[in-house]
1. For the range 207-304, run through the GluC sites (Glu not before Pro) and keep only the ones in DSSP coil with at most 15 other Cβ atoms within 10 Å of their Cβ.
2. Express the relative contact order of the chain as a whole percentage, based on alpha carbon pairs under 8 Å and six or more residues apart in sequence.
3. Taking only C-alpha pairs under 8 Å that are 6+ residues apart, what is the relative contact order of the range 84-191 in percent?
4. Rank by packing, highest mean first: peptides 134-141, 97-104, 83-90, with packing defined as the count of other Cβ atoms within 10 Å averaged across residues.
5. Candidates (i) 16.6; (ii) 22.8; (iii) 35.9; which is the computed mean projected area of the Cα convex hull in nm²?
6. Could you please state, rounded to a whole Å, how far the C-alpha centre of the range 194-239 is from the C-alpha centre of the range 130-166?
7. Counting only C-alpha contacts under 8 Å and six or more residues apart, can you give the relative contact order of the range 152-218 as a whole percent?
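Derivation of every value follows stated rules applied to the coordinates shown; laboratory data play no part. This one's a predicted model, so the numbers in the text were calculated from it and none came from an experiment. So basically every Cβ, Gly included, is an ideal-geometry build from the backbone, and we count neighbours across all protein chains shown.
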Amino acid sequence: MSIQRRQFLTALGTGGVAGLAGCAQIGGGASDDAPGVAGETLTLTTTTSTDDTGLLDELNAPFEEMYGVTVDTVAQGTGAALQTARDGDSDVVMVHARSLEDEFMRDGIGVNRRDLMFNDFVIVGPGSDPAGIEGTSSATEAFATIADSEATFVSRGDNSGTHTKERLVWEEAGVDPGGDWYRETGQGMGQVLNIANEQGGYTLSDRGTYLSQRSEIDLAILVEGPIEDGPEILANPYGVIAVNPAVHDNVNYDLAMAYIGYITSPEGQDIIDSYEANGEQLFFPRALSEDPDFEQYVPEGWSGDSAED
């Protein structure tokens with residue numbers, strides 16, 4: 001592992017506090033000490049990358065057994081997942097677009113946000129690399145080159161966390177993508193990788209989903225993210241947020257906080273840390289740290305002084 005990669009992992013790994021956000025009961029089955037949630041259902045809206053990779057199957061099963069509950073996972077893009085919560089149809093969200101998460105909290109819909117985990121984004125495409133971007137050290141330069149060559153680019157186009165990141169890279173590259181070469185699908189990450197594979201196109205993918213599907217597609221990583229010494233703009237942190245019961249009194253707040261406590265606990269973080277596909281680690285835990293970052297709980301840039309102003 002390079003020095004730059006170690007520094008990146010260390011920097012993102014300092015995002016949490018060593019403790020539980022809720023009241024998770026670690027070990028064993030359903031406990032008499034748990035809040036009165038046995039037999040209830042937790043509705044989790046989340047990004048497709050956590051579902052497509054299979055991580056949630058590994059993460060949720062012990063929680064369900066621990067509390068005697070069911071986790072109903074609704075996999076959507078980040079924007080749709082947050083909108084479902086805004087509508088009062090979700091108890092907790094697990095997403096990866098900090099700007100959208102901050103808006104969600106500023107509007108009072110989300111409370112008790114926690115840093116959860118991270119990976120990064122990569123630019124993938126056919127091995128023939130018609131635009132010639134392989135090895136480019138700048139994501140914005142790679143995007144600009146794809147646009148200049150009008151090589152096929154497949155976009156999620158769904159206001160997901162990945163799509164939000166993609167728009168940021170285009171903006172930083174000074175490109176307003178459009179035309180026949182730019183194809184918006186409105187699909188999840190797994191489907192977009194398959195479409196890009198079929199059409200011989202490029203796309204932006206979170207590393208986890210790409211690695212989980214790598215054996216089934218012919219796309220290669222052509223521009224790395226910061227985990228492998230690539231540009232910081234491709235960092236991909238995930239957060240988890242409870243829905244505010246003062247806004248939607250129908251939400252299962254007790255169970256949401258128990259879930260947040262569990263997935264940010266040592267047990268939950270160990271599951272994230274050990275989860276692999278095709279021999280590769282897909283996500284890196286971020287909730288526990290000896291050097292807590294308390295800004296994880298509030299919108300970025302928020303302070304008590306600024307609130308009073």
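1. Working: sites: 216, 224, 228, 232, 267, 276, 280, 290, 295, 300; in loops: 224, 290, 300.
Within the range 207-304, the qualifying GluC sites (Glu not before Pro) (loop, at most 15 other Cβ atoms within 10 Å) are 290, 300.
2. Values: 654 pairs, mean separation 99.6, N = 309.
For the chain, the relative contact order is 32 percent.
3. Values: 83 pairs, mean separation 26.6, N = 108.
It rounds to 25 percent for the range 84-191.
4. Details: 134-141: 16.4, 97-104: 20.5, 83-90: 18.4.
Highest mean packing first, the order is 97-104, 83-90, 134-141.
5. Computing mean projected area of the Cα convex hull in nm² and matching it to (i) 16.6; (ii) 22.8; (iii) 35.9 gives (i).
6. The range 194-239 and the range 130-166 have Cα centres separated by 11 Å.
7. Numbers: 73 pairs, mean separation 29.2, N = 67.
It comes to 44 percent, rounded to a whole number.
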